[in-house]
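S.K.: Questions regarding the structure given below will be posed in turn.
Please treat every number below as a calculation from the coordinates, not as lab data. Here the structure is a predicted model, which is why all the values come from computation and not from measurement. Because the Cβ atoms are built from the backbone with ideal geometry, glycine has one as well, and the counts that use them run over all protein chains shown.
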Amino acid sequence: MKQNTVILNAVKNLTPSVRDASASLSMTKSNGFSLVELAIVLVIIGLIVGGILTGQDLIRASELNSVIAEKNKFQTAINTFKIKYNGLPGDMNNAVSYWSTSANGDGDGAIETNNESYRAWQQLSLSGLISGAYTGTHTTGGSILDTNTPASALKPGGWAVFSDTAGWSDSPLAAAGINKLHLGVTRTTGIPIDDILTPQEANSIDSKIDDGLPTRGKMFGTWIGVADCISAATAAGVYNLSVTTATCGITFIIN
């Protein structure tokens, strides 16, 4: 009996300590996370990040597909204009007889850079062959999207039409009088020709609508600055698929 009393007294003396430990564990649980909870949070974060990245890839893929549709739309508009008005937009020498707000070109069959290039979009719009309204003039800001240059769904790209032969060595694009439709980033000094695509992206578009070769066919991989878009600027060149930065523009022959 005496022994039982001693044990009871010992338990009573330990009770406050046990109570304090229990309270401490409860506080720790309420103020922190278990390893399982932390693991669940990390999984959720991973799923969110993965979803964002996948969404970005899908958006980019949609933008790349839109390039083909835009190219076809503009090329059809230019060809229709040529048949209807017996001249090229921007270059026709009797444009003011149709649209007093525009200006005449020199009628030589080549859409020269800047003045005729910008007027081409204006006259295509005035003729109702493309949507939008364009000033038809080169400004101090150069190419301005949806002002004197059509914007592309592939941001921040814009479209240019021109026949300039400079910088197209070792390529059919160098031939005089070859009118081109080009997708690039806008620039303050002129039409939008700065690089906008990675070589992989340019190759993907080229393979879908042409021959997949950057220096042959109807579509060409082109560049401004560092020549990383293709492996060699010759007839044997291929897209430099190891480069992952935007080093390519794309150019289409339209006549």
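S.K.: Could you list which residues have their amide H under 5 Å from that of I191, counting only those 5 or more apart in sequence or on another chain, with H placed in the peptide plane?
M.R.: Long-range HN contacts for I191: N114.
S.K.: In addition: Need one number for region 67-253: average projected area of the convex hull over its C-alpha atoms, nm².
M.R.: 9.6 nm²
S.K.: Now for a different question. Going by how many other beta carbons lie within 10 Å of each one, how would you line up W121, W99, fewest first?
M.R.: By the 10 Å Cβ count, ascending, the order reads W99, W121.
S.K.: Compare the peptides 72-78, 109-115 by average per-residue count of other Cβ atoms within 10 angstrom and give them in order, highest first.
M.R.: Per-residue mean Cβ counts within 10 Å order the peptides as 109-115, 72-78.
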